[in-house]
1. Any idea which of (1) farther than 15 Å from Leu11 by Cβ; (2) surrounded by fewer than 18 Cβ atoms within 10 Å (Cβ to Cβ); (3) aliphatic (A, V, I, L, M) is the one Leu63 doesn't satisfy?
2. List the number of the failed condition for Ala20; all other conditions in (1) surrounded by 13 or more Cβ atoms within 10 Å (Cβ to Cβ); (2) within 22 Å of Leu118 (Cα to Cα) hold.
3. One residue is enough: does region 37-44 have a residue meeting the conditions at pLDDT below 95, of a type in the set (A, V, I, L, M) and in contact with a Leu (Cβ under 6 Å, 6 or more places away or on another chain)?
4. Six or more apart or on different chains, Cβ under 7 Å: which pairs go from a residue in region 94-107 that's closer than 20 Å to Arg123 by Cβ to one that's assigned to a helix (DSSP H, G or I) and of a type in the set (Gly, Ala, Ser)? Could you list them?
5. Tell me the helices (runs of 4 or more DSSP H) entirely within region 38-128 that contain at least 2 residues that are under 20 Å from Ala26 (Cα atoms) and more than 11 Å from the chain's Cα centre (by Cα).
6. May I ask you to verify whether Leu63 is in contact (Cβ under 8 Å) with a residue 12 or more places away in the chain, in contact with a Cys (Cβ under 8 Å, 6 or more places away or on another chain), closer than 18 Å to Ser21 by Cα and aliphatic (A, V, I, L, M)?
7. Is it true that Leu124 is crowded, with 16+ Cβ neighbours inside 10 Å and modelled with pLDDT of 95 or more?
8. Can you find even one residue in region 22-33 that is modelled with pLDDT under 95, in contact with a helix residue (DSSP H, G or I) (Cβ under 6 Å, 6 or more places away or on another chain) and on the phi < 0 side of the Ramachandran plot?
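The values are calculated or read from the model by the stated rules, or taken from the named source; none is laboratory data. Fair warning: this is a prediction, and the values are worked out from it, not measured in the lab. Every residue, glycine among them, receives a Cβ derived from its backbone with ideal geometry; neighbour counts consider all protein chains shown.
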Amino acid sequence: MLNSQSATPPLVVVIEDDIASQTTLARVLRVGGYTAATYASAEEYLASPPQSSPIGLLLDVHLSGMSGLDLQRRLRNEGSTIPVILITAFDDARSRAQAESLGCVAYLSKPCAAETILALLGRLPKSP
């Protein structure tokens with residue numbers, strides 16, 4: 001007999017200050033079988049992180065306040081091993097190099113195909 005309770009979908013954190021992009025990313029994640037926790041800033045995330053550990057972070061590079069790169073650096077310095085995918089509308093070689101040196105899983109340019117994001121997340125461990 002099958003258990004009628006389904007497992008909780010893996011959590012992915014989206015930190016994006018553009019509300020339309022945030023909403024779209026959260027929808028893509030839900031359709032892809034993930035739970036999305038959304039934040040409008042790095043500071044909001046740091047002040048109130050999700051109660052369960054995410055399998056990954058989707059960070060906008062250019063946020064108001066602390067940038068996605070600054071947040072990635074801070075989390076790494078604090079010992080975080082949560083995989084980070086950076087997304088930006090303003091791709092530049094310097095930011096890309098910084099992101100890669102900090103160990104990001106991917107550095108994507110907006111607009112980014114939903115399939116690309118879901119494929120990257122699909123390669124991550126489903127539990128932190």
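1. Tallying (1) farther than 15 Å from Leu11 by Cβ; (2) surrounded by fewer than 18 Cβ atoms within 10 Å (Cβ to Cβ); (3) aliphatic (A, V, I, L, M), Leu63 fails exactly one: (2).
2. Tallying (1) surrounded by 13 or more Cβ atoms within 10 Å (Cβ to Cβ); (2) within 22 Å of Leu118 (Cα to Cα), Ala20 fails exactly one: (1).
3. Of all residues in region 37-44, those at pLDDT below 95 come to none.
So far as region 37-44 goes, no, none of its residues is at pLDDT below 95, of a type in the set (A, V, I, L, M) and in contact with a Leu (Cβ under 6 Å, 6 or more places away or on another chain).
4. Partner pairs satisfying both residue conditions: Tyr107/Ala99.
5. Numbers: elements: 42-47, 68-77, 93-101, 114-122.
Those helices (runs of 4 or more DSSP H) span 42-47, 114-122.
6. Values: in contact (Cβ under 8 Å) with a residue 12 or more places away in the chain: yes; in contact with a Cys (Cβ under 8 Å, 6 or more places away or on another chain): no; closer than 18 Å to Ser21 by Cα: yes; aliphatic (A, V, I, L, M): yes.
Spelling it out, it is not the case that Leu63 is in contact (Cβ under 8 Å) with a residue 12 or more places away in the chain, in contact with a Cys (Cβ under 8 Å, 6 or more places away or on another chain), closer than 18 Å to Ser21 by Cα and aliphatic (A, V, I, L, M).
7. On the way: crowded, with 16+ Cβ neighbours inside 10 Å: yes; modelled with pLDDT of 95 or more: no.
When the stated conditions are applied, Leu124 does not pass them.
8. The initial filter retains those residues of region 22-33 that are modelled with pLDDT under 95, namely none.
Within region 22-33, not a single residue is modelled with pLDDT under 95, in contact with a helix residue (DSSP H, G or I) (Cβ under 6 Å, 6 or more places away or on another chain) and on the phi < 0 side of the Ramachandran plot.
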